[in-house]
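Report on the structure given below.
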Amino acid sequence: MRIDRFLFFIRLVKSRTLAQAVIDTGYVRVDGRRVEKSSEEVRSGSVIALPLHDKVRVLRVLALPTRRGPAAEAQACYEELGIDERESAS
């Protein structure tokens, strides 16, 4: 499954366009490799690291969703491995 669709289906972003914008920043990684295109594949067992809302989220893919369903269904497709808070510069 494409990484932009995955992020949209698990409800981390509100649209695929926003998912593509996050990927285009160049900071998203899948299994330690930098994601350069939003069409890169995500598989069950992959580890995704991405910056989102001033935090770095690390997720393990448990299952590939078939649709953008309710939140409970979306959360069953991934496991949160960690969240690192970024300090904002004043």
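Legend: calculated FRET efficiency, residue 72 to residue 14, from the Cβ-Cβ distance at R0 = 25 Å, rounded to 0.05, equals 0.90.
How big is the Kirkwood radius of the chain, worked out from every pair of different alpha carbons and given in Å to one decimal?
Working: mean 1/r = 0.0763 Å⁻¹.
Radius from the Kirkwood sum: 13.1 Å.
Each of residue 1 and residue 64 was given a label point 7 Å from its Cα along the Cα-to-Cβ line. The distance between the two points is 0.8 nm. Between the amide H of residue 52 and those of 57, distances stay under 5 Å, these residues lying 5 or more places away or on another chain, with hydrogens modeled in the peptide plane.
Couplings 3J(HN,Hα) for region 54-64, derived from phi with the Karplus relation 6.51 cos²θ - 1.76 cosθ + 1.60 (θ = phi - 60°), are 6, 9, 9, 9, 10, 10, 10, 6, 9, 7, 9 Hz, where x marks Gly and Pro.
No value in this document is a laboratory result; all are computed from the given coordinates. Being a predicted model, the structure only gives us computed values, none of them experimental. Note that we place each Cβ from the backbone using ideal geometry, even for glycine, and neighbour counts take in every protein chain shown.
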